[in-house]
2 protein chains.
Amino acid sequence: MILEVAVLDVKPNQEKEFEATFGEAQKIISNMQGYVSHQLHKCIEKKNRYILLVNWQTLENHTVGFRESEQYKEWRALLHHFYEPFPEVEHYTSVYSNAL
Amino acid sequence: MILEVAVLDVKPNQEKEFEATFGEAQKIISNMQGYVSHQLHKCIEKKNRYILLVNWQTLENHTVGFRESEQYKEWRALLHHFYEPFPEVEHYTSVYSNAL
């Protein structure tokens, strides 16, 4: 399993709109092949910062299956205009886990 | 519940030693008051990068309870010399979760 990590800096004063829009947009990823689970968290220290964590079965489920899909175009149209700067996305494999 | 997030850049060629040491050090946080769970993940795109995710019951369980403890001195002695640069640690609250 692969963990996608994206730190999302949202344009000032657009946090509420971003959260509402993400609430709709998350249905898109949840229905993609290879999707396992996701979490969106809001930063305490920087009020317009979020972190998105998505578990995928394989790296390609995200980088190819999702990013080259029609659904990604909808995801992008809904969410990308909120971000400044545009986020760097990284992928991780588990080393140790005593997870919830 | 609070999510602690730390992106850890380990000095080149010390990844194996860091992982072995972390395997011991993780027992320290697991026994702290307010600790809930943790995960250590290794980055695919940057081979000496890791991300540590720790769930705490409250922010103060980490920032006061752990960081001002005797156990933190042991944690720091075991792990901090691996990091360059020294990591920025942030705390997050959940907005949406469809977690494992």
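The values are calculated or read from the model by the stated rules, or taken from the named source; none is laboratory data. Here the structure is a predicted model, which is why all the values come from computation and not from measurement. Note: ideal-geometry Cβ built from the backbone for every residue, glycine included; neighbour counts use all protein chains shown.
Given the structure, is A:LEU79 within 20 Å of B:SER97 (Cα to Cα) and touching a residue at least 40 places away in the same chain (Cβ under 8 Å)? Spell out the reasoning first.
Details: within 20 Å of B:SER97 (Cα to Cα): yes; touching a residue at least 40 places away in the same chain (Cβ under 8 Å): yes.
The answer is yes for A:LEU79.
In the condition set (1) over 14 Å from the mean Cα position of the chain (by Cα); (2) at pLDDT 95 or above, B:LEU100 is compliant with all but (2).
Quick one: which residue in A:GLU4, A:GLU15 is at negative phi, in contact (Cβ under 8 Å) with a residue 24 or more places away in the chain, surrounded by 13 or more Cβ atoms within 10 Å (Cβ to Cβ) and touching a helix residue (DSSP H, G or I) at 6+ places or on another chain (Cβ under 7 Å)?
Details: A:GLU15 fails: touching a helix residue (DSSP H, G or I) at 6+ places or on another chain (Cβ under 7 Å).
Being at negative phi, in contact (Cβ under 8 Å) with a residue 24 or more places away in the chain, surrounded by 13 or more Cβ atoms within 10 Å (Cβ to Cβ) and touching a helix residue (DSSP H, G or I) at 6+ places or on another chain (Cβ under 7 Å) holds for just one of A:GLU4, A:GLU15, which is A:GLU4.
Within the bounds of the stretch A:70-88, is there any residue that is within 10 Å of another protein chain (Cβ to nearest Cβ) and either crowded, with 18+ Cβ neighbours inside 10 Å or not aliphatic (A, V, I, L, M) (or both)? Can you show your working first?
Of all residues in the stretch A:70-88, those within 10 Å of another protein chain (Cβ to nearest Cβ) come to A:88.
Right, trim to either crowded, with 18+ Cβ neighbours inside 10 Å or not aliphatic (A, V, I, L, M) (or both) and you get A:88.
Looking for residues that are within 10 Å of another protein chain (Cβ to nearest Cβ) and either crowded, with 18+ Cβ neighbours inside 10 Å or not aliphatic (A, V, I, L, M) (or both), one finds at least one in the stretch A:70-88, hence yes.
Considering only the stretch A:56-66, how many residues are surrounded by fewer than 18 Cβ atoms within 10 Å (Cβ to Cβ) and touching a helix residue (DSSP H, G or I) at 6+ places or on another chain (Cβ under 9 Å)? Quick ask: steps written out before the conclusion?
Start the filter on the stretch A:56-66 by keeping residues that are surrounded by fewer than 18 Cβ atoms within 10 Å (Cβ to Cβ), which leaves A:57-60, A:63-64.
Add one more test, that the residue is touching a helix residue (DSSP H, G or I) at 6+ places or on another chain (Cβ under 9 Å), and what stays is A:58.
So the count comes out to 1.
The set of residues in the stretch A:22-55 being in a helix (DSSP H, G or I), without any contact (Cβ under 8 Å) to a residue 40 or more places away in the chain and buried (at least 16 other Cβ atoms within 10 Å of the Cβ) consists of A:GLN26 alone. If the condition is being of a type in the set (A, V, I, L, M), out of contact with any Leu (no Cβ under 8 Å at 6 or more places or on another chain) and part of a strand (DSSP E or B), then the stretch A:56-100 contributes only A:VAL89. When B:ALA99 is tested against (1) surrounded by fewer than 16 Cβ atoms within 10 Å (Cβ to Cβ); (2) within 12 Å of chain A (Cβ to nearest Cβ); (3) under 14 Å from B:GLU4 (Cα atoms), only condition (3) is not met.
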